[in-house]
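Report on one structure; see the data block that follows.
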Amino acid sequence: MSTVTALVVPVVRSAGSYRSPQAAGGAPGTVQTPTGPLTAVDRDFVKRVRWAGLWEIPAGRMAVTKGGTPEVRTAGQHLIDGHTELDQAVLQTAGTLGLDVPSAPSAQQQAWLKQLDAAQGDEFDRLFANIVRNAHGQVFAVVAQVRASTQNSAVRDLATLANSTVLDHMMVLEATGLVKFGDLSSPPAAAPSPSATRR
């Protein structure tokens with residue numbers, strides 16, 4: 001997630017008493033909370049989990065209604081169910097820690113949703129499986145790293161749930177038979193610019 005994207009995405013303030021103090025140079029440092037030390041990596045992880053739900057729930061809804069195969073529709077329902085549960089957990093965690101979390105998808109995520117919304121039939125199924133699987137593959141290692149390294153019990157609990165959710169989603173997306181594994185090392189395709197699609 002780029003710094004620019006992080007700055008332009010609106011955030012919603014959660015209830016809680018924690019506010020990040022500024023370390024030398026203006027960067028937030030590790031602070032003590034009732035659930036343990038909270039690092040910049042921990043805070044970033046909580047925000048990323050929230051961002052995931054903000055675009056993957058709408059993507060899942062599209063797959064349920066537009067998916068051309070039972071496997072695509074099943075994957076869509078898994079996204080809805082998994083991220084609904086995960087979103088409740090991330091909001092609770094953010095509230096416990098007093099963290100600000102996004103209230104809208106990032107610009108990149110909005111571009112993916114526009115691309116999926118514009119696609120139909122086989123093209124939708126292919127794009128859905130590959131864009132969402134690629135995004136999950138990129139975040140899977142981050143979730144594991146946070147789960148292994150955080151000293152904050154609230155963040156650890158969230159990472160445990162996120163780990164199982166991401167793994168489930170990767171598996172159901174792969175079960176569509178549409179994932180191009182050779183393309184997973186590159187970022188998912190972005191939506192074309194509005195000028196490119198205007199007729």
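Where the second residue is hydroxyl-bearing (Ser, Thr, Tyr) and surrounded by 19 or more Cβ atoms within 10 Å (Cβ to Cβ) and the first is on the phi < 0 side of the Ramachandran plot and lies in the stretch 71-89, which pairs have Cβ atoms under 8 Å and are six or more apart or on separate chains?
Final answer for the pair search is Glu71/Thr176; Val72/Thr176; Ala75/Thr176; Gly82/Thr165; His83/Thr165; Glu85/Thr165; Leu86/Thr165.
Hey, does the stretch 150-163 have a residue that's over 29 Å from Gln32 (Cβ atoms) and of a type in the set (S, T, N, Q)?
No; the residues of the stretch 150-163 include none that is over 29 Å from Gln32 (Cβ atoms) and of a type in the set (S, T, N, Q).
Pairs under 6 Å by beta carbon, first residue modelled with pLDDT under 95 in the stretch 165-193, partner of a type in the set (A, V, I, L, M) and open to solvent by less than 30 Å² (accessible area, probe 1.4 Å), six or more apart or different chains?
Pro188/Ile131; Ala190/Ala111; Ala191/Ala111
Would you tally the residues in the stretch 75-98 being farther than 18 Å from Ala135 by Cα, under 19 Å from the mean Cα position of the chain (by Cα) and β-branched (Val, Ile, Thr)?
So the count comes out to 2.
The values are calculated or read from the model by the stated rules, or taken from the named source; none is laboratory data. Being a predicted model, the structure only gives us computed values, none of them experimental. Don't worry about glycine lacking a Cβ; one is built from the backbone with ideal geometry, like all the others, and counts go over all protein chains shown. The protein model used for the area step is the full one, side chains on, heavy atoms only, and it has no ligands, DNA or RNA in it. Shrake-Rupley method; radii C 1.70, N 1.55, O 1.52, S 1.80 Å.
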